[in-house]
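What follows is a single structure, and I will ask about it in a moment.
No value in this document is a laboratory result; all are computed from the given coordinates. No experiment lies behind these values; they were computed from the predicted model shown. A quick note on method: Cβ atoms are made from the backbone with ideal geometry, for glycine too, and the neighbour counts reach across all protein chains shown.
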Amino acid sequence: MSQILEFAIIVIVISASGVMTPGPLFAANVSYGLRGGVKSGIKMAVGHTIVEFPLVILLGIGVFSLEIFPEFRTVISIFGAITLFVFATLQIKTALQKKDNITSNSKQGPLVTGIVLSGLNPFFIIWWLTIGFKLISDAMLIWAFSGILVVFLLHIWMDFVWLGGVSFLASKSSQILSNKNYKILMIGLSLMLVYFGITFLTDLIL
């Protein structure tokens, strides 16, 4: 029980930084939220899930195939750590910048927009190919193929809560999303990313 709780905390903290990072999906979600409220955020999360779930399954199959190579875990741990450091740096830089009002001129609905902006977002793909790949690999060591589902469920609920919550707040006041507390939260999550990146590397030594 303690093992799954510890793993759940790691996945949730790392996922939170990725889920809450400002980007095209976030910007479009705010825009739709101004008009459609929480429903638009849920629809966008569904679109995001349509892209994310098959990707996680494919990565899980890739983990199973690559585990036959003894150097696999070393390589993915190093790449995962480097990516965490890069994401942390970019997020701190973004959080410290002045955030302008976010608008979107997309004529597509939130569901389609969620699919398109997820599938064409290079940072989303890179996150799963490095950090996400490492989490899936660790989960499969503990729960075999069930580990794929464990990682996905621990991650995906945050997309729904975040996108739904942001769209709800946007429908009330777009200014709520640009306050000081948001910046503090993002910097805190970024520092946690640095910590987990260090643990990825220290696990190779210990």
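So, in nm, how far is label Leu96 from label Ile142 when the simple model puts each one 7 Å beyond its Cα toward the Cβ?
3.4 nm
Let me ask something else about it. Between Leu149 and Phe79, what length comes free when the chain is fully extended (0.36 nm per residue of separation minus the Cα-Cα distance, one decimal in nm)?
Separation in residues times 0.36 nm, less the Cα-Cα distance, equals 22.9 nm.
Which FRET efficiency value, to the nearest 0.05, do you get for Arg35 and Leu58 by plugging their Cβ-Cβ distance into 1/(1 + (r/R0)^6) with R0 = 25 Å?
Efficiency, from the Cβ-Cβ distance: 0.15.
Counting only the backbone N, which residues of segment 2-28 are under 16 Å from the spot 7 Å out from the Cα of Tyr195 toward its beta-carbon?
From segment 2-28, the list is 6-18.
If each of Ala8 and Ser65 carries a label point 7 Å out from its Cα toward its Cβ, how far apart are those two points in nm?
3.3 nm
Can you pick out the pairs among Lys134/Lys172; Lys93/Lys172; Lys39/Lys93 whose Cα atoms lie more than 29 Å from each other?
Distance filter (> 29 Å) returns Lys134/Lys172; Lys39/Lys93.
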